[in-house]
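The structure appears below as structure tokens.
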Amino acid sequence: MKHIKYKTDRYNIPSFILLVLLSLMVVFPIFWMLRTSLMGNAEIWQQPPRMLPSRWLFSNFKTTINSPTFQFWRYLVNTLTIAILSVIGVVVTASMAAYAFARMSFKGSQVLFALCIGSMLMPAAVTIIPIFIMWSRLGFYNTYAPLTVPQFLGGGAFNIFLIRQFMLGIPRDMDEAAMIDGASHPRILVRVLMPMVKPVLITCGLFTFITSWNDVFGPVLYLSDAAKYTISLGLAIFRGGYGTNWVAIMCASTLAVIPALLLYLIGQKYFVEGIALTGMKA
């Protein structure tokens, strides 16, 4: 048995080395961004380049935050408002739609689900103009409605599909027992199923939050008031205005990345669990 274990470990060494190299490739740009943000402008051009700053200039972040062209706190509040509303909308409405497809039998359910999944095949570029015209005629241009209301309509077919596949793996005996006790469909969803599908709900919430946090095209398309800009749009404008000040750009980029990165690290356990278990139940 010891000999077999030794052979297994030996053959895992190349996989481990490959995993470490790939991890370094992913982490290195983040490290380089943080390292540059703590240097002076002259030091970042030194040859050969320094891996670490000679002086750790944390004051660079204070200067960037106080910059009149990068209103970090205003952008942060605006982005959190959109992201949190989007997460709430997706978790609530996508779970309702997934419950209907997974647990309720009604005429045309298979056709509706096929249309829902088929909507993912439609290129987003095809719908940009008609959707923009719709929101403009409804009077919601330069508001957060176009960026949040669609999330309260299922939040996209992918979220509905992911939650539905998870629900299909839960025995129906629990639903039937709850129905015998007089529970309605909304009560079964909220009290029975949603606690059991928490990992996949957190996964969809993380996907939605990160998508909203990084979205540039939506705010560019629908927002014209600088006071309503999101952090990604503010960062894009800041980069354009400070094209030669790489320290300021890296500081602003680091500030934009940190909140989303912290949220992912906090929910990483549930994220991995939700993806893994959904794949097993598919």
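Derivation of every value follows stated rules applied to the coordinates shown; laboratory data play no part. Here the structure is a predicted model, which is why all the values come from computation and not from measurement. Cβ: placed from backbone, ideal geometry, glycine included. Neighbour counts: every protein chain shown.
Table for the structure above
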| item | result |
| --- | --- |
| Cα-based helix-to-principal-axis angle, 231-241 vs the chain, degrees rounded to 10 | 30 |
| Estimated dipole of the chain in Debye, rounded to 20 [Cβ of Lys and Arg +1, of Asp and Glu -1, Cα centre] | 520 |
| Sorted peptide list for 141-148, 257-264, criterion being average Cβ within 10 angstrom, highest first | 141-148, 257-264 |
| Cα-Cα separations in the stretch 196-266 greater than 18 Å, expressed as whole percent | 49 |
| With 5 Å bins from 0: P(r) over the stretch 1-159, alpha-carbon pairs, percent | 1, 6, 8, 9, 10, 9, 10, 11, 11, 11, 7, 4, 2, 1, 0 |
| Whole-Å semi-axes of the ellipsoid equivalent to the chain (Cα gyration tensor, √5λ, descending) | 40, 31, 16 |
| The stretch 8-69: translational diffusion in µm²/s, Stokes-Einstein, Kirkwood Rh over Cα pairs, 37 °C, 0.692 mPa s | 230 |
| Tilt relative to the chain, helix 246-281 - C-alpha long axis, 0 to 90 degrees, to 10 | 20 |
| Computed label-point distance, nm, for sites Ser54 and Asn245 using a 7 Å Cα→Cβ extension | 2.3 |
| Estimated distance in nm for a label pair at Ile117 and Val220, the labels positioned 7 Å out from Cα along Cα-to-Cβ | 3.4 |
| Principal-axis tilt of helix 157-168 within the chain, Cα atoms, nearest 10 degrees | 50 |
| Proximal charge balance of Arg187 [Cβ under 13 Å; K/R count +1, D/E count -1] | 0 |
| Fluctuation leader among Leu206, Leu85, Leu57 - the chain, Gaussian network, Cα springs under 10 angstrom | Leu57 |
| Normalised alpha carbon radius of gyration of the stretch 117-203 [divisor 2.2 N^0.38 Å] | 1.48 |
| Pair Thr211, Arg172: separation of 7 Å Cα→Cβ label points (nm) | 3.0 |
| Karplus 3J(HN,Hα) series, Hz, for the stretch 116-128 with 6.51 cos²θ - 1.76 cosθ + 1.60 (x for Gly, Pro) | 4, 5, x, 5, 5, 7, 7, x, 5, 4, 5, 9, 4 |
